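Engineer: Please read through the structure below; I'll follow up with questions.
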Amino acid sequence: MSVSDWLHSFRHSSPYINTHRGSTVVLVLGGEALASDNLLNIIHDITLLSSLGIRLVVTFGARPQIQQRLEQAGHESEFVGGLRITPEQDLPLIMEAVGGVRSWLESRLSMGLVNSPMHGARIRVSSGNFVAARPVGVLDGVDHGYTGRVRRVDTAGIERLLELGHIVLMPPQGYSPTGDIFNLSYEDVGSQVASALRADKLIVFTDDQGVLDEDGSLVRELTVRQALQKVSEQVVSGHDADLLRAACDACTRGVRRAHIISYLRDGAILEELFTRDGSGTLVTDDDYEQIRRARVEDIGGILELIQPLEEQGVLVRRSREMLETEIDQYVVAERDGMIIGCAALYAYPEEQAGELSCFAVDPAYRRGGRGDEILSMIERMARAQGLARLFVLTTQTEHWFRERGFEPSSVQSLPGPKLAAYNTRRNSKVFVKNMG
């Protein structure tokens, strides 16, 4: 990469850095990831995220390490339904293996060698009895012993450490009021902790680039419904299905986004968080909140949303008949069945230009980033149609658009049909953003 390319990439990562600062992110690393050759780069990236003000919880697994310790002791291990059976005689060995992984991770996060990315970082790492667990019990006649499930998460304790700037390590273990310790699925720990904290993101590491389609191509985005369909159709199976189900479970219980990325790809987490296209698969809850293409049944919600803005003169009036004719050009933000945002894209293919129009967000949700999400989808639609620039006419929101890369332009720069229909009485200002 040339210096100019590096400068361009670094400068354009600034909006993402600002967006993620102060957010809570839960990372899910399996034992295979901890044994990979790329782990040191992941550690460096975790340190960088912490330095950028991201509140981090790292949940980790230790299945291969546990398996190795059991084999060394001459113990056989059995899995049923993806869960390891944990008899009492195996528990000390499992505790030893998990404790060793935790200490080793703490040592790696404590590095500060001169001329290394971690020099001067002084990362504080904390762990503790933050997960209360219960036994899985007997399933289909099989006693799972000391294998457990998450019962409760001490969110207050974790939050206090995050406020102090600590990285919180969460091992695949839980404790009970009776003093017992349980061996837990690390995917379950990650999903449950992210949900309890209402984390902004859950990031799951796997050996693939993300979720792959039948032909082996990367699937960039999935709703929970689409993801679970891929599991039911066995497009995704085995351990990958367990990870995808954990991501879906978190999304349905309050986590806005889950990401599935590769632990083998150098810088995958930085690429996922700080670039437009990311590196893996994004999973979002389709029932809780989503940005999607509009349908005819959304027209009533759109009209209710834009009517106050039309009365204020912010938007041009639109009839129901007009919306019915042009609904294919619209996207909406839907939350719990209610339309809380909308926008339209009108394409002018001959000029390779598109108009961003009828952009509105419910006042109660304007501070949640929905406007940026709607704009992002409109931009993706514009690029997919081969449009080189996006323009908007506005009378009262020019600063919002300028802050997002739109530059002032003249009325004469409008495409011919739009220029002919320009309303001089409204005297709207024109702003343009290049899609390159």
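Engineer: How would E334, E96 line up by accessible area, probe 1.4 Å, largest first? Mind showing how you got there, number by number?
Structural biologist: Numbers: E334 35, E96 100 Å².
Reading off the accessible areas and sorting them downward yields E96, E334.
Engineer: Please list, or write none, the aspartates and glutamates whose alpha carbon is within less than 15 Å of the alpha carbon of K433, excluding same-chain residues fewer than 8 places away.
Structural biologist: The reachable aspartates and glutamates, counting only those whose Cα sits under 15 Å from K433, are E351, E355, D372, E379, E398, E403, E407.
Engineer: Identify which of the listed values of Cα extents along the principal axes in Å was calculated from the structure shown: (1) 84, 54, 48; (2) 83, 54, 43; (3) 63, 50, 46.
Structural biologist: (2)
Engineer: If you average the sequence gap of Cα pairs under 8 Å that are 6 or more apart and divide by the length of the chain, what percent do you get for the contact order? Spell out each step's value before the answer.
Structural biologist: Details: 780 pairs, mean separation 51.1, N = 436.
Once normalised by length, the contact order is 12 percent.
Engineer: Here's a follow-up. Using Cα pairs closer than 8 Å and at least 6 residues apart in sequence, work out the relative contact order for segment 148-285, in percent. Could you put the intermediate results ahead of the total?
Structural biologist: Numbers: 220 pairs, mean separation 36.6, N = 138.
RCO, segment 148-285: 27 percent.
Engineer: Just check segment 97-239 against the gyration tensor rule for me: Cα atoms, a ≥ b ≥ c as the square roots of the eigenvalues, rounded for a/c under 1.5, and otherwise prolate or oblate depending on whether a/b exceeds b/c. Could the numbers behind the result be given before it?
Structural biologist: On the way: a/c = 1.89, a/b = 1.14, b/c = 1.66.
Oblate.
Engineer: At 0.36 nm per residue, and after removing the present C-alpha to C-alpha distance, how many nm does the segment from D140 to R317 gain when stretched out fully? Walk me through the numbers on the way to the answer.
Structural biologist: Values: separation 177, 0.36 × 177 = 63.72 nm, distance 6.24 nm.
Extra length from D140 to R317 when fully extended: 57.5 nm.
Engineer: Follow-up. Does segment 211-345 come out rounded, prolate or oblate by the C-alpha gyration tensor, with a ≥ b ≥ c the root eigenvalues, rounded set by a/c under 1.5 and, if not, prolate when a/b is larger than b/c and oblate if not?
Structural biologist: On the way: a/c = 2.60, a/b = 2.18, b/c = 1.19.
Cα axes put segment 211-345 in the prolate bin.
Engineer: Which order do the peptides 315-321, 370-376, 162-168 come out in when sorted by mean C-beta neighbours inside 10 angstrom, highest first? Spell out each step's value before the answer.
Structural biologist: Working: 315-321: 13.4, 370-376: 18.6, 162-168: 16.7.
By packing density, highest mean first, the sequence is 370-376, 162-168, 315-321.
Engineer: Ranking request for peptides 395-406, 188-199: highest mean number of other beta-carbon atoms within 10 Å first, then the rest in descending order. List each step's numbers first, then the result.
Structural biologist: Details: 395-406: 14.9, 188-199: 24.6.
Descending mean neighbour count gives 188-199, 395-406.
Engineer: With a 10 Å radius around each residue's Cβ, average the other Cβ atoms per peptide and rank 138-145, 218-225, highest first.
Structural biologist: Ranked by mean Cβ neighbours within 10 Å, highest first: 218-225, 138-145.
Engineer: Under a straight-distance cross-link criterion of Cα-Cα below 25 Å, which lysines are reachable from K201, leaving out those fewer than 8 residues away in the same chain?
Structural biologist: K230
Engineer: I'd like the distance separating the alpha-carbon centroids of segment 404-421 and segment 259-311, in whole Å.
Structural biologist: Using only Cα atoms to place each centre, the spacing works out to 27 Å.
The values are calculated or read from the model by the stated rules, or taken from the named source; none is laboratory data. Everything quoted here is computed from the prediction, not taken from an experiment. Don't worry about glycine lacking a Cβ; one is built from the backbone with ideal geometry, like all the others, and counts go over all protein chains shown. SASA here: full protein model, heavy atoms, side chains in, ligands and nucleic acids out. Shrake-Rupley method; radii C 1.70, N 1.55, O 1.52, S 1.80 Å.
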